[in-house]
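Peer 1: One structure, as C-alpha cells, below. Some questions next.
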Amino acid sequence: MRDADGRYPPIEPFETGMLDVGDENLVYWERCGNPQGEPVLVVHGGPGSGCSTNQRRAFDPERCQIVLFDQRGCGRSTPHASDPATRMECNTTHHLIADMERLRRHLGIERWLLFGGSWGSALALAYAVRFPERVRQIVLVDVTTGSRSEYDWLYRGVGMFFPEAWERFRAGAQDSDILAGYARLMDSEDPDVRDQAARDWCAWEDAVLSLEPHGSPNPYGDRPDAARLAFVRICAHYAAHAAWLEDDPPWHRLAGIPGTLIHGRLDMSAPARTAWDLAQAWPEATLHLVEDAGHKGSPTMQALLNEALDMRA
C-alpha cells in the first residue's frame with residue numbers, strides 16, 4: 001500500500017555490491033523487494049546524481065525485484081568525480097550502457113523493466129536501443145533523449161526567459177564555449193575554482209526551474225558539497241560532448257517494447273516537444289502531458305507515475 005506521499009513504505013536492500021566494470025571503476029548496486037519478483041532497473045538522473053532511497057519506494061516491494069545503481073563517478077561508486085584525480089575519459093554514455101548490461105548479467109536477469117527520469121530517461125533509451133531484447137517495458141518521466149539540440153536549449157536557448165541568470169552562467173564559464181569552459185573549470189586542481197564553477201552551474205539549473213509551482217526551490221544548489229561537485233563535473237563533461245549520442249537515434253529498435261512517457265507541460269529545462277517527438281516515433285509508447293507539472297513534478301504527475309509503475313511492473 002502506498003503512503004500519503006504516493007510511495008511505498010521505506011525498505012532496505014536485501015543485497016548490495018560493488019561491480020568491477022573495468023577502468024578501475026567500481027559501480028555500487030543494490031537489490032530491494034522480492035528476490036523472485038519482476039525485475040526492474042531504476043536509472044537515475046543527472047548525469048551524476050546517484051540513486052536515492054526514495055527511488056526504492058517507487059515499486060511494490062512484494063511484486064518487484066528493484067535494482068538500483070550509482071552510475072560511474074557518483075553516489076557510492078568509486079572513484080568519485082568530486083576528486084579531481086578521477087579520470088573522466090572513462091565516463092561516457094557508452095561506458096554506462098555497458099555497465100548496465102554487465103550488471104544485468106551479473107545478477108542473472110533475463111529481461112527487465114527500465115524506469116528513468118530526466119537524464120535517466122536518455123540513458124534508459126540508449127540502453128534499450130542497444131539491447132532491445134533485454135528490455136521488457138519502459139516507463140519514463142521528465143523525458144529527455146540526450147540530443148545536441150536539447151543541450152543547446154538547456155544551456156543557451158532557454159536563457160531568453162532568464163537573461164540575468166544566463167549572463168551570470170555564461171560569465172562563470174570563463175570561455176566562449178560555455179560547456180567546454182565549465183568542464184575545464186571542474187577539472188581544475190584548485191578547489192576554490194571547482195567550488196565556484198559548481199555553484200554557478202547549479203544556480204543556473206535552479207533558475208531554469210524557478211517558475212515551477214511544485215518542488216523545492218533549489219534542488220541542485222542545496223546538494224552536499226561532494227555530491228554537487230561530482231554532479232556538475234559529470235554533467236559538464238557529458239554536455240560538452242552532447243552525451244556521445246546520435247542526433248537521429250534508431251528509435252525503430254524500440255518496436256515491440258511497451259512504453260509510458262510522462263512529461264510536464266511546464267518543463268522549461270526539457271520542452272514537451274522532445275517527449276512528443278519520441279512518442280510519434282515509438283508507436284508502442286503512450287504519452288501523458290501533465291498540465292500542472294514541470295521538471296520537479298506535481299501530485300498529478302506522481303499519480304500518473306504510480307499508476308504506470310503499478311500497471312507495468
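The values are calculated or read from the model by the stated rules, or taken from the named source; none is laboratory data. A quick note: this is a predicted structure, and the numbers were derived from the prediction, not measured. Using ideal geometry, Cβ is built from the backbone for each residue, glycine included, and neighbour counts are taken over all protein chains shown. All accessible areas refer to the heavy atoms of the entire protein, side chains included, with ligands and DNA or RNA removed. Shrake-Rupley method; radii C 1.70, N 1.55, O 1.52, S 1.80 Å.
Peer 1: Restricting attention to the range 162-185, does a residue exist that is closer than 30 Å to ALA285 by Cα and either part of a helix (DSSP H, G or I) or in contact with a Leu (Cβ under 7 Å, 6 or more places away or on another chain) (or both)?
Peer 2: Checked the range 162-185: no residue is closer than 30 Å to ALA285 by Cα and either part of a helix (DSSP H, G or I) or in contact with a Leu (Cβ under 7 Å, 6 or more places away or on another chain) (or both).
Peer 1: Mind checking whether some residue in the range 298-312 is touching a Ser or Thr at 6+ places or on another chain (Cβ under 7 Å), under 21 Å from PRO39 (Cα atoms) and not aliphatic (A, V, I, L, M)?
Peer 2: Yes, the conditions are met somewhere in the range 298-312.
Peer 1: Kindly indicate which of ASP99, ASP142 is crowded, with 19+ Cβ neighbours inside 10 Å, outside any loop (DSSP other than H, G, I, E, B) and out of contact with any helix residue (DSSP H, G or I) (no Cβ under 7 Å at 6 or more places or on another chain).
Peer 2: Matching residue, one of ASP99, ASP142: ASP99.
Peer 1: From the list ALA207, ALA226, ALA236, ALA203, which residue is touching a residue at least 60 places away in the same chain (Cβ under 8 Å) and in a helix (DSSP H, G or I)?
Peer 2: Testing whether each residue is touching a residue at least 60 places away in the same chain (Cβ under 8 Å) and in a helix (DSSP H, G or I) leaves just ALA226.
Peer 1: What are the residues in the range 100-111 that are under 25 Å from LEU305 (Cα atoms) and either free of Cβ contacts under 8 Å to residues at least 24 places away in the same chain or more than 18 Å from the chain's Cα centre (by Cα) (or both), if any?
Peer 2: Answer for the range 100-111, where residues must be under 25 Å from LEU305 (Cα atoms) and either free of Cβ contacts under 8 Å to residues at least 24 places away in the same chain or more than 18 Å from the chain's Cα centre (by Cα) (or both): ARG104, ILE109, GLU110, ARG111.
Peer 1: Still on this structure, please answer the following. Select from the range 105-123 the residues that are out of contact with any strand residue (DSSP E or B) (no Cβ under 7 Å at 6 or more places or on another chain) and either farther than 22 Å from VAL143 by Cβ or not small (Gly, Ala, Ser) (or both) and write down the one among them that is least open to solvent (accessible area, probe 1.4 Å).
Peer 2: TRP119
Peer 1: Separate question: Could you list, in sequence order, all residues of the range 250-282 that are assigned to a helix (DSSP H, G or I), in contact with a strand residue (DSSP E or B) (Cβ under 8 Å, 6 or more places away or on another chain) and either open to solvent by 40 Å² or more (accessible area, probe 1.4 Å) or over 19 Å from VAL158 (Cα atoms) (or both)?
Peer 2: Hits for the range 250-282 are LEU254, TRP276, LEU278, ALA279.
Peer 1: To continue, here is another question. Going by the conditions given, is ASN54 touching a Lys or Arg at 6+ places or on another chain (Cβ under 8 Å), at negative phi and at pLDDT below 95?
Peer 2: yes
Peer 1: Return yes when VAL141 is within 15 Å of the chain's Cα centre (by Cα) and farther than 21 Å from ASP99 by Cβ and no when it is not.
Peer 2: Against the criterion (within 15 Å of the chain's Cα centre (by Cα) and farther than 21 Å from ASP99 by Cβ), VAL141 qualifies.
Peer 1: If a residue has to be surrounded by 11 or more Cβ atoms within 10 Å (Cβ to Cβ), outside any helix (DSSP H, G or I) and in contact (Cβ under 8 Å) with a residue 12 or more places away in the chain to count, how many in the range 239-249 make the cut?
Peer 2: 3
Peer 1: Can you pull out the residues in the range 40-87 that are open to solvent by 20 Å² or more (accessible area, probe 1.4 Å) and either of a type in the set (Gly, Ala, Ser) or within 19 Å of MET311 (Cβ to Cβ) (or both)?
Peer 2: Across the range 40-87, the qualifying residues are GLY46, SER49, SER52, GLN55, ARG57, ASP60, PRO61, GLU62, ARG63, GLY75, SER82, ALA85.
Peer 1: Out of the residues in the range 1-29 meeting the condition of being among the hydrophobic types (A, V, I, L, M, F, W, C) and under 21 Å from the mean Cα position of the chain (by Cα), tell me which one is most open to solvent (accessible area, probe 1.4 Å).
Peer 2: Going through the qualifying residues, I end up with MET18.
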